[in-house]
Ligand code: ATP
């Protein structure tokens, strides 16, 4: 069968509803416990056959990535690794529409890599059960397997333990980035506290209020070090807490992007618009929590 082109895959923002650092292995990797979800705000990865590999990047956050060597881009690395694994040339033209802030703690690069694997698997006609995309994912980065999993999940170990999360209550999210990138290594390096002993959030109640209470008993252990490096993160959290309808405000991953949880779309959209108006240098967007990453689209 000929696949109509291009093949397009969404790369949604990944959020850590809570994130605990449980320990550090002798090799330096941190052991984590996190509840990972996806928001309906996405980069888009498009792939089409070409004579040789090429990567074009456009979109509002393309500039920092265009300044880097394209061979270092996680999309390029994902394409080359999967091509090698399936024994063919990476003969594809890839366009990355970069709509998510870079180095923002919302796993943009990892989500892009997972989207590239999904798009190529469709373009190259791999069986949905073909194990090779999942086999190359961990080598691309600790967050790539959970992004390929593509549904709310508990993330444990060094990213190698992924367990499906129970169904979560419907919720709207407001994501806010104050226009800065934070390096994951620097934030881990700025940690001063010991390790968390809090247990995993084992069940998720259907009621949003109960869910928020459970999340309040947990936190993001990287928030204090991120604020020490970038005090503006505390301003973002205060601004989110001050919006009508915000039930919980927290930083995602290693920051600097923070999120607010809302029970209604109207409140979430109003909060994002209000924050954009008050702080023109900030990126603020509202989106629903996605139970599942959208399926790959094959354009006609
Ligand atoms: P994580 O939470 O997974 O550590 P992050 O959200 O903080 O990641 P990313 O947006 O994934 O950060 O970017 C981290 C770094 O990865 C960037 O500074 C950039 O140099 C590199 N990178 C490579 N490919 C990409 C990509 N496709 N999108 C974003 N960053 C990329």
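Taken together, the values in this text are just the output of simple stated rules run on the coordinates, not laboratory data. These numbers come from a predicted model, not from an experiment. Cβ sites come from the backbone with ideal geometry, for glycine too, and all protein chains shown count toward neighbours.
Taking only the alpha carbons of the stretch 1-150, we obtain Rg and Dmax values of 15.4, 50 Å in that order.
Only helical runs count toward this figure. For the chain, summing -39,500 (n - 2.57) over DSSP H runs of n ≥ 4 and dividing by all residues gives -9000 deg cm²/dmol at 222 nm.
Relative contact order of the stretch 172-290: what whole-number percent is it, with Cα pairs under 8 angstrom and at least 6 residues apart?
On the way: 190 pairs, mean separation 49.5, N = 119.
Answer for the stretch 172-290 is 42 percent.
For Cα pairs less than 8 Å apart in space and 6+ apart in sequence, what is the mean separation divided by the residue count of the chain, i.e. the relative contact order in percent? Please list the in-between numbers first.
On the way: 675 pairs, mean separation 76.7, N = 300.
It comes to 26 percent, rounded to a whole number.
Over all alpha-carbon pairs in the stretch 111-260, figure out the percentage whose distance exceeds 26 Å. Here the long-distance tail beyond 26 Å is 37 percent of all Cα pairs in the stretch 111-260.
With springs only between Cα atoms under 10 Å apart, run a GNM on the chain and tell me which of 219, 199, 157 wobbles the most. So, out of 219, 199, 157, the one fluctuating most is 199.
Once the C-beta distance of residue 212 and residue 235 is scaled by a Förster radius of 22 Å, the resulting FRET efficiency is 0.50 to the nearest 0.05. Once a ≥ b ≥ c are taken as the square roots of the eigenvalues of the Cα gyration tensor of the stretch 204-300, is the result rounded (a/c under 1.5), prolate (a/b larger than b/c) or oblate (a/b not larger than b/c)? Cα axes put the stretch 204-300 in the rounded bin.
For the residues 126, 35, 15, a GNM of the chain with alpha-carbon springs under 10 Å puts the largest fluctuation on 126. Model label points for residue 89 and residue 269, set 7 angstrom from Cα along the Cα-to-Cβ axis, are 4.8 nm apart. Placing a label point 7 Å from the Cα of residue 198 along the Cα-to-Cβ direction, the residues of the stretch 29-47 with a backbone N closer than 14 Å are 32-36.
With all pairs of different C-alpha atoms in the average, the Kirkwood value for the hydrodynamic radius of the chain is 19.6 Å.
How big is D, in µm² s⁻¹, for the stretch 81-200 by Stokes-Einstein at 10 °C and 1.306 mPa s if Rh is the Kirkwood radius over C-alpha pairs?
Numbers: Rh = 16.8 Å.
My calculation gives 95 µm²/s for D.
Of 124, 283, 172, the residue with the greatest mean-square motion in the GNM of the chain, using alpha carbon springs below 10 Å, is 124.
Axis of helix 108-123 versus longest Cα principal axis of the chain: the two differ by about 30°, to the nearest ten degrees.
Note on residue 158 and residue 24: their simple-model spin labels are 1.4 nm apart, each label 7 Å out from Cα toward Cβ. In the stretch 148-216 the Cα-Cα distances spread across 5 Å bins starting at 0 as 3, 10, 15, 19, 21, 21, 10, 1 percent of all pairs.
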